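The values are calculated or read from the model by the stated rules, or taken from the named source; none is laboratory data. As the structure is a prediction and not an experimental result, all values here were calculated from the model. Ideal geometry is used to build each Cβ from the backbone, glycine not excepted, and the neighbour counts take in all protein chains shown.
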Amino acid sequence: MKRRRPTAGKRVRVRFALTDPANVALSIERLGKRGGSAETEVANRDAPAGVGEISWTGKLDGRKAKPGTYRLSVTASAEDTSAASSIQAKLVRRKKR
């Protein structure tokens, strides 16, 4: 099965699982040959226990994100506890048909 890569400037959804209710934040960092950009928080919300989803509009500073490699970090915080996980995603430019 062919895995589709996220398209630059389009919504990206990240799934997560929580054992308890928590505040969930999604941060984005563009990775590059000259070092990464500053991490930017793009979503933040309270979530119940269980499987959930948080999304990024595909925009940074009000503009569509450019094609490239990004680190998406999800951080869940509740009372005195915090846990984080991150993935790398390559955003591509889709060819016009």
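Acidic (D, E), modelled with pLDDT under 95 and surrounded by 14 or more Cβ atoms within 10 Å (Cβ to Cβ), is that true of E29? Can you show your working first?
Working: acidic (D, E): yes; modelled with pLDDT under 95: yes; surrounded by 14 or more Cβ atoms within 10 Å (Cβ to Cβ): yes.
Yes: the conditions hold for E29.
Scanning segment 57-97 for residues that are under 23 Å from N23 (Cβ atoms), in contact (Cβ under 8 Å) with a residue 40 or more places away in the chain and part of a loop (DSSP other than H, G, I, E, B) returns T57, G58. The residue of segment 20-56 that is farthest from L72 (Cα to Cα), among those that are among the small types (G, A, S), touching a Leu at 6+ places or on another chain (Cβ under 9 Å) and outside any loop (DSSP other than H, G, I, E, B), is G50. The sole residue among G62, G9, G68, G52 that is within 17 Å of the chain's Cα centre (by Cα) and at pLDDT 90 or above is G52.
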